[in-house]
Amino acid sequence: MGLVFRFALPLGLACAFVCFQASSAQQTSTAQKTDENPKAHIRPNDAGAAIPTRFDMLRGAYGPSRANNDLLYYHLDIRVEPEQQTIRGKNTIRFRMLQDGTRIQLDLDEALNIDKILLGDESLKFERDTGAVFVDFPQTLRAGRVYTIDFYYSGHPKETGRFGGITFKEDPAGRTWINTACEETGASIWWPNKDQWRDEVESMDISVAIPNGLTDVSNGHLVGKTDLGDGYTRWDWHVSYPINNYDVSLNIGDYVHYSDRLGDLPLDFYVLPEDLERSKPQFAQAKGMIEAYQHYFGPYPFAKDGYKLIEAPYSGMEHQSAVTYGNLFKNGYLGRDWTGVGISPRFDFIIIHESGHEWFGNAVSAADHADMWIHEGWTTYLESLYVEYRWGKDDALKYLSGYRPKVHNLRPILAEPGVNANPTEDQYFKGALMLNTLRSVVNDDAKWWALLHGLFQRFKYQNILTQDVIAYFNLHTGMNLTPIFDQYLRHANIPRLEVLFGEAPGTLMYKWDADEQNFAMPVRVGAEGKWQMIVPTTKWQSMKTALKKDEFQVDEDHYYVDLNKQ
Ligand SMILES: [Zn+2]
C-alpha cells in the first residue's frame, strides 16, 4: 500500500508506506515534520495488537458463507454526485457455488443504504451485521453452478482511516477531486463486495458516471466514455485480470492526460493541469522502474490493462494498473532522503515502491491481512533491487542498511490470522532485511535470481499465505529455511549471535540465541576484508580467530542479526 511511515502524522502504513496522506499541495508543511529519530514513533499497533471488533471478526474470517462460493466477476456501475457527496448504483456480482448453500456473505459499510439485491427479477432477503451483509436465497444454490446478483446501494460514504477510504475534496485550485484509498478500511467502505483477501474476481468492469468535464481514472483500460445527456458522462473501464477489492479505485478530477509506451506496454499519466510540466521528468522514472522489475521477475503482469500513474491527494497507493501518486514530484519520500544514507534522493520513492506492488501485492497477493508482508516486505525489498539494477549491489546494500534503524522488533511480523489484523510496520523494513539475509544464506546469486523469478511466476495472479512462500524456497533451494523464516516472521526478536572470547587467545565460542529450537544459519564473521563463513546453531561451537574482541564483527550488510560479545 501506500506508504507513510514514521512521520509526526497520524498516518500509518497500510499498504505502503507510501500510501499516504497529504496532498501535493498541502503536504509540504506537515511533511517536513519528519522524525529525526525514526525510533521515536512507535504506533500503537507496533507495540501491541488491538482487540478485534465484531466487524473485524466478520471481515477477517473466511466463514462458511464466504467459503461456499468463488468470485468470478464484478461490474461496479455507479453515479458519483460531487455536490451531494453521494454514490448510487449497483455492483453485479457473479460467483460459482463450491458447495450447496442458501446464504452468502457480502460486505457494505453501515453508512450506506442497501436499496435492493436481485437475483434476476427476484428480490432477495438480507441481514446486516455491522459491515457484513448476509444474503439469503429462497432456493438452494447448487455447487458448481454460476449465479449473478445485482446489489443496489446508495448514500454518503463515511470518510475514515488514514487515507480517508473515499474522500470528496477539492484540488488546490478549488475543483472537484474525489479519490479512494481503502486498503486499511476495506473497499466495502464505498462499494458492496466480498470484502476479504482470499478470493478475487477474475475480471471486472467499472462504470462511473460523473459530471461532464471531469475525468474518472479507474483500473484497467479505458473502454470509452458516454455522454448520458443529463449533464453526466459515464467512464467505462475494463480490468482483464484478478484484482484485490482495495485496489479498485476512483480518481475523479480535472485531470490532463499524456501517454507514452515501453515497448508494447501503454503508459498513461494523469495529473492536475498545473502539474503537467513538472510531472513529465518525474514520471519518466516509470520506464526505468518497469525495466528493473521486469529484469528480475518477468513481464509487467497487467499488460492488457497498461500502466498508469495518477496524481492523488495522498502520498501514494498501489491501485492495480492505476498507481496513485502524491509525492510532490520530488525524489526521495516527500522530498527527503528518508532512509538517511544518501541513496533515496536518486529516485522517486513513491513511483518505485507503489509500482513495485504491481508484482507483489497485486499480482502475487496475500490471502490474509496477517500475511501482508508478502506485499510490503517484498515490495520494500524490490526497492533495493531497483537500486541494484541501476547502481549496483554496494548501493543496494547501503540502501537496505538505512532500514535497520526503522525496525522495532516489538512484535512478530505475522499478525493473528482470520481477524482482519494489521501487521506491524516491521513487515516493511524487517521483511526486506530478512529477504536480503536469505540471499546471503542461499549464497549463490544465480540461484537467488532464479528463485525470485520462479516464485513470482509460480504465484502471480494468486492469493497465497506465508507457508506457500516458505515451501517454494525450501523446494527450490533444497534447504530447510523454515526455522529462518519462522524466526524472522513469527517472533519479535531477530537471531543474536552469542560470542564468548575465552581465556586462551585465538579461540572463541559461538552459538545462536533464537526462539526457534532448530535455528541454524550460516553467517559471515570476522572483520572487513577478513570475513569467514561459520554455521552456528543453538549449540556452542568453537573457532580460531586472530581478531580481538573489539575487532570481531558480523557482516551486517548481508545479515540482519544481532551480535553479543562477552
Ligand atoms: Zn507498500
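Here are some notes:
- Within the range 360-370, being buried (at least 24 other Cβ atoms within 10 Å of the Cβ), within 16 Å of the ligand (Cβ to nearest atom) and outside any helix (DSSP H, G or I) holds for Phe360, Gly361, Asn362, Val364, Ser365, Ala366.
- Of the residues making up the range 336-344, not a single one is open to solvent by less than 20 Å² (accessible area, probe 1.4 Å), within 20 Å of Asn251 (Cβ to Cβ) and in contact (Cβ under 8 Å) with a residue 24 or more places away in the chain.
- Residue selected from the range 499-534 under the condition more than 13 Å from His558 (Cα to Cα) and charged (D, E, K, R), by the criterion most open to solvent (accessible area, probe 1.4 Å): Glu503
- Residues within the range 374-390 that are in contact with a strand residue (DSSP E or B) (Cβ under 8 Å, 6 or more places away or on another chain), among the hydrophobic types (A, V, I, L, M, F, W, C) and more than 24 Å from Ala67 (Cα to Cα), tallied: 2
- Any chance Thr324 is assigned to a strand (DSSP E or B) and either within 16 Å of the ligand (Cβ to nearest atom) or in contact with a Lys or Arg (Cβ under 6 Å, 6 or more places away or on another chain) (or both): yes
- Count - residues of the range 371-398 that are more than 16 Å from the ligand (Cβ to nearest atom), open to solvent by less than 10 Å² (accessible area, probe 1.4 Å) and touching a residue at least 24 places away in the same chain (Cβ under 8 Å): 1
- Within the range 247-269, the residues that satisfy the criterion of being under 19 Å from Ser207 (Cβ atoms) and either at pLDDT below 95 or open to solvent by less than 10 Å² (accessible area, probe 1.4 Å) (or both) are Asp247, Val248, Ser249, Leu250, Asn251, Ile252, Gly253.
- The range 190-217 residues that are within 22 Å of Lys158 (Cβ to Cβ), paired with ones that are charged (D, E, K, R) and in a strand (DSSP E or B) (beta carbon under 6 Å, 6 or more apart): Asp195/Asp107; Val208/Asp216; Ala209/Arg79; Ala209/Arg234; Ile210/Asp216
- Sole residue being more than 29 Å from Asp468 (Cα to Cα) and modelled with pLDDT of 95 or more, chosen from Asn409, Asn327: Asn327
- Given (1) over 30 Å from Leu58 (Cβ atoms); (2) out of contact with any helix residue (DSSP H, G or I) (no Cβ under 6 Å at 6 or more places or on another chain), number of the condition Asp368 does not satisfy: (1)
- Test for Glu159: is it of a type in the set (Asp, Glu) and touching a Pro at 6+ places or on another chain (Cβ under 8 Å): no
- The set of residues from the range 336-358 being within 12 Å of the ligand (Cβ to nearest atom) and assigned to a helix (DSSP H, G or I) comprises Phe349, Ile350, Ile352, His353, Glu354, Ser355, Gly356.
- Evaluated against (1) free of Cβ contacts under 8 Å to residues at least 60 places away in the same chain; (2) surrounded by 20 or more Cβ atoms within 10 Å (Cβ to Cβ); (3) closer than 20 Å to Ile87 by Cα, Phe163 falls short on exactly one condition, (1).
- Those residues of the range 155-172 which are part of a loop (DSSP other than H, G, I, E, B) and within 11 Å of Gly253 (Cα to Cα), in sequence order: Asp171
- Tally, over the range 447-461, of residues that are open to solvent by 40 Å² or more (accessible area, probe 1.4 Å) and out of contact with any strand residue (DSSP E or B) (no Cβ under 7 Å at 6 or more places or on another chain): 7
- Selection count where residues are within 14 Å of Val387 (Cβ to Cβ) and modelled with pLDDT of 95 or more, scope the range 339-363: 13
- Test: Gly356 is in contact (Cβ under 8 Å) with a residue 40 or more places away in the chain and open to solvent by 10 Å² or more (accessible area, probe 1.4 Å): no
- Residues that are under 32 Å from the mean Cα position of the chain (by Cα) and among the polar types (S, T, N, Q), drawn from the range 91-139: Asn91, Thr92, Gln99, Gln105, Asn113, Thr130
- Output for the range 529-543, where each listed residue is assigned to a loop (DSSP other than H, G, I, E, B) and β-branched (Val, Ile, Thr): Val535, Thr537, Thr538
- Per-region count, the range 125-141, residues open to solvent by less than 70 Å² (accessible area, probe 1.4 Å), farther than 17 Å from Ala187 by Cβ and of a type in the set (S, T, N, Q): 1
- Residues of the range 261-297 that are more than 25 Å from the chain's Cα centre (by Cα) and closer than 30 Å to Ile78 by Cβ: Leu272, Pro273, Glu274, Asp275, Leu276.
- Count - residues of the range 211-228 that are surrounded by fewer than 24 Cβ atoms within 10 Å (Cβ to Cβ) and touching an Asp or Glu at 6+ places or on another chain (Cβ under 6 Å): 3
- Neighbours by Cβ (under 6 Å, 6+ apart or cross-chain): first from the range 401-415, over 27 Å from Ile343 (Cβ atoms); second among the polar types (S, T, N, Q): Arg411/Thr424
- Residue count, the range 62-71 (criterion: open to solvent by less than 20 Å² (accessible area, probe 1.4 Å) and among the hydrophobic types (A, V, I, L, M, F, W, C)): 1
The values are calculated or read from the model by the stated rules, or taken from the named source; none is laboratory data. These figures come from a predicted structure and were not determined experimentally. Don't worry about glycine lacking a Cβ; one is built from the backbone with ideal geometry, like all the others, and counts go over all protein chains shown. Side chains included, ligands, DNA and RNA excluded: accessible areas come from the protein's heavy atoms. Shrake-Rupley method; radii C 1.70, N 1.55, O 1.52, S 1.80 Å.
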